[in-house]
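Chemist: Can you read through this structure? Questions will come right after.
The values are calculated or read from the model by the stated rules, or taken from the named source; none is laboratory data. In this text the structure is predicted, and so the values were computed from the model without any measurement. Heads up, the Cβs are rebuilt from the backbone with ideal geometry, glycines too, and the neighbour counts pull from every protein chain shown. When the accessible area is computed, the model is the full protein with side chains, heavy atoms only, and any ligands, DNA or RNA have been set aside. Shrake-Rupley method; radii C 1.70, N 1.55, O 1.52, S 1.80 Å.
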Amino acid sequence: MVSSHFKNLLLELGISRERIEILESKGGIVEDEFEGIRYLRFKDSAGSLRRGTVVFDSHNIILGFPHIKRVVHLENGIKRVFKRKPFYVEEKVDGYNVRVAQINGRVFAFTRGGFVCPFTTERIEDFVNMEFFKDYPNLVLCGEMAGPESPYLVEGPPYVKEDIEFFLFDIQEKKTGQSLPVEERLKIAEEYGIPSVEVFGLYDISKINDLRELIERLSKEKREGIVMKSPDMKKIVKYVTPYANINDIKIGSKIFFDLPHGYFMQRIKRLAFYLAEKRIRDEEFEKYASALGRALLQPFVESIWDVVAGEEIAEVFTVRVKHVETAYKMVSHFERLGLKIHIEDIEETPQGYWRITFKRVYPDATREIKELWNGHPF
Ligand code: ATP
């Protein structure tokens, strides 16, 4: 149930009583609580309040992070979106999206879905200079948390060797969700020493060959891709490397039955457009074809063998926290996300952190494989 306090607030924001009731009954808005602080989370969008919006009070409204469109034909995508105008090219860092904001003196980190993430909220001060929020309480830092010790992803970018790091890619205003222009964001990041995604510079369509070379380099370095942004942040598109497409398939095929078929189809599509745009043939084509086949099949077949050997399909991951309670809060958080994750191990580090090992099990995928192996017709 959404309390009358939040309903009145939504009315003040111009959402009609009827719309509020529909949203509530469909579960499109949910009232949540984090350490005694109540907030409203938007699972659906409503007017200008995007999906993932978080509302505390009439000043503290953090809009959902917007969807970024993708191009699969690099040259034609750039021509269509940016015409002949310049755009910034940044690294697309492979991690999880967080919005960081100060609410009544406390800094919180929100997930894409609008939950307060207990882990990121606890760790964010390790990465971001909190002075920023003293000077700009009305701004929201949007960035990617990435590294090998992530609570949401099995892999991080190759250059984050341990733990996890924050990479800023956007600064937005509370309430409007408007982004600062790229140059302003970069200036603030430098001034406060906030770590950012790598910015490769300003490009335009005349530099398409340099951009192709950049994609080749990123792919070789096992990096995810690029995000292209007009300096005023009004036009934004992403493009991912062939490496990332194949690697995502490899990661996904281990848990084949837990992912929608579209997960695989989308990535095969992107790879096909890359091969066609670059007119890749012969030996190089064979290389991609065999890498794709292997990525799709090998982890899948190995998962079948694991289940046949009596194991459960599972992923194990480790994170570092300052307080053990944060680990337990993460378990409740995972439960609310509908994930089956439990703590396997807790160990104190010499640096005063706690290393928590979690295990995520995939009971549906395990059961499905078991049934198919045992000959159940379907
Ligand atoms: P959507 O399609 O709605 O954007 P998604 O989960 O499919 O969401 P991705 O395909 O991974 O997202 O790409 C968008 C995400 O990339 C952003 O939400 C952000 O978290 C991440 N990202 C990493 N680096 C950047 C960057 N430099 N600029 C913008 N976003 C970035």
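Chemist: What tally of residues in the stretch 21-49 results from selecting those that are open to solvent by 20 Å² or more (accessible area, probe 1.4 Å) and not in a strand (DSSP E or B)?
Modeler: Count: 13.
Chemist: Only one of these is outside any loop (DSSP other than H, G, I, E, B), more than 24 Å from ILE188 (Cα to Cα) and open to solvent by less than 40 Å² (accessible area, probe 1.4 Å): GLY114, GLY52, GLY77. Name it.
Modeler: Details: GLY114 fails: outside any loop (DSSP other than H, G, I, E, B); GLY52 fails: outside any loop (DSSP other than H, G, I, E, B).
Sole residue among the options that is outside any loop (DSSP other than H, G, I, E, B), more than 24 Å from ILE188 (Cα to Cα) and open to solvent by less than 40 Å² (accessible area, probe 1.4 Å): GLY77.
Chemist: Need the failing condition index for LEU275 against (1) more than 14 Å from the ligand (Cβ to nearest atom); (2) within 20 Å of the chain's Cα centre (by Cα); (3) free of Cβ contacts under 8 Å to residues at least 40 places away in the same chain, just the number.
Modeler: Failed condition: (2).
Chemist: Any chance you could count how many residues in the stretch 129-159 are open to solvent by less than 10 Å² (accessible area, probe 1.4 Å) and out of contact with any Lys or Arg (no Cβ under 9 Å at 6 or more places or on another chain)?
Modeler: Of the residues in the stretch 129-159, 5 are open to solvent by less than 10 Å² (accessible area, probe 1.4 Å) and out of contact with any Lys or Arg (no Cβ under 9 Å at 6 or more places or on another chain).
Listed here are the residues, each with its yes/no results for (1) within 16 Å of the ligand (Cβ to nearest atom); (2) closer than 19 Å to ALA189 by Cα; (3) among the β-branched types (Val, Ile, Thr).
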site	(1), (2), (3)
THR121	no, no, yes
PHE133	no, yes, no
PRO137	no, yes, no
LEU141	yes, yes, no
SER150	yes, no, no
GLY156	yes, no, no
TYR159	yes, no, no
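Chemist: Specify the residue that is nearest to the ligand (Cβ to nearest atom); the eligible residues are those in the stretch 93-110 that are open to solvent by less than 20 Å² (accessible area, probe 1.4 Å) and in a loop (DSSP other than H, G, I, E, B).
Modeler: For the stretch 93-110, the residue satisfying everything is VAL93.
Chemist: Go through (1) acidic (Asp, Glu); (2) within 14 Å of the ligand (Cβ to nearest atom); (3) more than 22 Å from the chain's Cα centre (by Cα) and name the single condition GLU75 misses.
Modeler: With respect to (1) acidic (Asp, Glu); (2) within 14 Å of the ligand (Cβ to nearest atom); (3) more than 22 Å from the chain's Cα centre (by Cα), GLU75 is out only on (2).
Chemist: Just checking, does the stretch 12-23 include any residue being at pLDDT 95 or above and closer than 22 Å to GLN102 by Cα?
Modeler: no
Conditions tested, residue by residue: (1) surrounded by 15 or more Cβ atoms within 10 Å (Cβ to Cβ); (2) under 19 Å from the mean Cα position of the chain (by Cα).
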residue	(1), (2)
LYS238	yes, yes
ILE249	yes, yes
GLY252	yes, yes
PRO260	no, yes
MET265	no, no
ALA291	yes, no
ARG294	no, no
VAL301	no, no
ASP306	yes, no
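Chemist: Looking at (1) surrounded by fewer than 15 Cβ atoms within 10 Å (Cβ to Cβ); (2) of a type in the set (Ser, Thr, Tyr); (3) farther than 16 Å from THR120 by Cβ, which one does THR366 not meet, given that it meets all the others?
Modeler: (1)
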